[in-house]
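Please treat every number below as a calculation from the coordinates, not as lab data. Worth saying up front: this structure is predicted, and the values here are computed from it rather than measured. Here the Cβ is made from the backbone with ideal geometry for all residues, glycine too, and neighbour counts use every protein chain on show.
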Amino acid sequence: MTTQARSIGQRPHVLVIGGGFGGITAVRTLRHAPVQVTLIDKNNHQAFQPLLYQVATAALETTDVGFPFRTMLRRQANADVLMTEVESIDAASRTVHLANGDVLAYDYLIVATGVEPNYFGHADWSERAPGLKSLTDAMAIRFRVLTAFERAEEERDPDAQRAELSFVVVGGGPTGVELAGAIAELARHSLRRDFRHIDPTSAKVLLVEGGPAVLATYPPALQRKAVEQLTNLGVEVRTHWRVDEIDEAGILAEGERISARTVLWAAGVRATPLVRSLGVPLDRHGKVPVTPTLRAPGLPNVFVIGDVATVEQDGQPVPGVAQGAMQEGRFAARAIVADLAGKSTEPFRYWNKGELATIGRSKAVGALPGGAKLSGICAWFIYAVVHLYYLVGAVNRLRVFSSWAWSFMTYGRRARIIPRSWPEAHAGAAAKDIGQPPAAPRRPSFG
């Protein structure tokens, strides 16, 4: 075990755990500060989470929405990157313990580890209904979705074929709405002429929401618009539907059995377990209710930002979205600089720049500052512009723009390759349930 104390030149050491929107924004904001920064993440890249659903539904490649940390920070001389995992935080000694046995000391700590799917006490559901929080998750879901059509093409039994062509998305937030709309568009447009023995347009896509409405944080008028656009795409939306069981055959909800080989989870999240080691009070989702200056209670040198933090403003929680995490990351970095200069810090204030959710080609809903509400192609256009603007890397922007333009004109999806070796290497339990394609695939007899 080795211990790294304060960094080069005895500059204060700022340790940032997690390279999502909040973490990487904090690191980059500190580029001219008199500190040494270390970014720790288990991946070597940042994934642009708002577009993960498009990777999952074969519209984009992983390289379109992922960008290496080392490339992002190559010109930031005061930043180091470590690709590893943090096992625990010892706030008393101001150290973190890494998975490789090393211990890193810090002067300031920014925790931005994000969230993971919350199965509400049903951990076994994770194997049957994967969530969507990383590029690996997106690839596992893509494998499930594309393989479902291939298996249906082989299937002789009509009931089994219908089950293969049935997709259930649990959770009616932005991720669930976007996934359901993208799968329906894939089936009804992108794949409709590609198979000989099945009709992909007959695929059933069901969006299940336990609450009274989808997109619960959006105005009621936009919730209704979203349901209307989903319905026009062929998605069946059911609200007030709580899932009681998920197994290899489908789901059981409100006493009704739904047969579906592909179930996807977008119903809830919880904070990553690392924050428990801080020894501070957590809310029911495992998140840290932070102070007005985004510090962990009782730990003035520890900032907790992004999805892993509960931030209150005017009696309402700040939404766990990218713009909130970026603003919090910028605030935490500036608060550290102010602290080093002996200056006080005003409370964090979140600026809501609006909410946008896309449902399909030229279909989206958006709530903009000032109460403006948009739907349809206008909302879709704004969604596209905003996401291209925040996407890292000029090459990535060009790739995504060209993919969107091609898809808009043709409904084409260029990321539909299914490598035979991919599931075993990357999908883990999610792929074991599906299995590899047989060495000698059986073919149904027709005629």
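Some notes on this structure:
- This model, with +1 at the C-beta of Lys and Arg and -1 at the C-beta of Asp and Glu, gives the chain a dipole about its Cα centre of some 1420 debye.
- Here's the picture: charge each Lys and Arg Cβ at +1 and each Asp and Glu Cβ at -1 in region 230-334, and of 250, 274, 263 the one pushed furthest to the positive end of that dipole is 274.
- Simple spin-label estimate for residue 196 and residue 217 gives 4.9 nm between the two label positions (7 Å along the Cα-to-Cβ direction from each Cα).
- Only Cα pairs under 8 Å and 6+ residues apart enter the sum, and on that basis the relative contact order of region 88-143 stands at 17 percent.
- Within straight-line cross-link reach of residue 133, lysines at Cα separation under 30 Å, skipping those fewer than 8 residues along the same chain: 42, 204, 225, 287, 353, 363, 373, 432
- For the pair residue 124 and residue 150, the difference between a 0.36 nm per residue extended length and the Cα-Cα distance amounts to 6.8 nm.
- Between residue 352 and residue 385, the FRET efficiency estimated from the beta carbon spacing at R0 = 22 angstrom works out to 0.75.
- Extension gain for the segment residue 70 to residue 409, taken as residue separation times 0.36 nm less the Cα-Cα distance, is 118.5 nm to one decimal.
- Build a GNM of the chain with springs between Cα atoms under 10 Å apart, and of 405, 384, 112 the one that fluctuates most is 405.
- Note on region 265-325: Kirkwood hydrodynamic radius from all Cα pairs is 12.0 Å, rounded to one decimal.
- Net charge of neighbours whose Cβ lies under 13 Å from the Cβ of residue 26, counting Lys and Arg as +1 and Asp and Glu as -1: +2
- In this rough spin-label picture, where each label sits 7 Å from Cα along the Cβ direction, the residue 394-residue 11 distance is 2.7 nm.
- Rounded tilt (10° steps) of 220-233 against the dominant C-alpha axis of the chain: 40
- Computed from Cα positions, the angle between helix 394-410 and the longest principal axis of the chain comes to roughly 20 degrees.
- For 383, 108, the sequence from fewest to most other C-beta atoms within 10 Å is 383, 108.
- Neighbour-count ranking [beta-carbon atoms within 10 angstrom, fewest first] of 95, 136: 136, 95
- Taking label positions 7 Å along the Cα-Cβ direction at both residue 313 and residue 402, the computed distance is 3.8 nm, reported to one decimal.
- Convex hull of region 292-342 built on C-alpha atoms - directionally averaged projected area, nm²: 3.7
- The angle between the Cα long axis of helix 174-185 and the main principal axis of the chain comes to about 30°, on a 0 to 90 degree scale.
- When the charge dipole of region 34-172 is built from unit charges on Cβ atoms (+1 for Lys and Arg, -1 for Asp and Glu) and taken about the Cα centre, the candidate among 62, 149, 112 whose Cα reaches farthest toward its positive end is 112.
- Using the Karplus relation 6.51 cos²θ - 1.76 cosθ + 1.60 with θ = phi - 60°, the per-residue 3J(HN,Hα) values for region 282-292 come to 10, 8, 5, 9, x, 8, 9, x, 8, 6, x Hz, with x marking Gly and Pro.
- Taking Cβ atoms as reference points and 15 Å as the exclusive limit, the residues near residue 341 contribute a net charge of 0, counting Lys and Arg as +1 and Asp and Glu as -1.
- Cβ-Cβ FRET estimate between residue 160 and residue 378, R0 fixed at 45 Å, reported to 0.05: 0.60
- Shown here is the pair-distance distribution of the chain: with all Cα-Cα distances grouped in 10 Å bins from zero up to the longest one, the shares run 4, 20, 29, 25, 14, 5, 1, 0, 0 percent.
- Equivalent ellipsoid semi-axes - Cα gyration tensor, region 228-282, angstrom: 32, 16, 11
- Taking the DSSP beta bridges with both ends in the chain, the antiparallel portion is around 50 percent.
- Dividing the helix sum by the residues of the chain, where each DSSP H run of 4 or more adds -39500 (n - 2.57), gives a mean residue ellipticity at 222 nm of -9000 deg cm²/dmol.
- FRET efficiency, residue 97 to residue 249 (Cβ-Cβ, R0 30 Å, nearest 0.05): 0.10
- Using 0.36 nm per residue and subtracting the Cα-Cα separation, the extra length available between residue 301 and residue 239 on full extension is 18.0 nm.
- Average Cα contact separation per residue, region 1-138, under 8 Å, 6 or more apart, as relative contact order %: 33
- Under the Karplus curve 6.51 cos²θ - 1.76 cosθ + 1.60, θ = phi - 60°, whole-Hz ³J(HN,Hα) for region 53-58, x wherever Gly or Pro sits: 5, 6, 5, 5, 10, 6
- Sorting 215, 73 by the number of Cβ atoms found within 10 Å of their own Cβ, with the fewest placed first, yields 73, 215.
- Alpha carbon convex hull of region 98-175, volume per residue in cubic angstrom: 171
- The trypsin sites (Lys or Arg not before Pro) of region 135-235 that meet both conditions, a loop assignment by DSSP and at most 10 other Cβ atoms within 10 Å of the site Cβ, are 193, 196.
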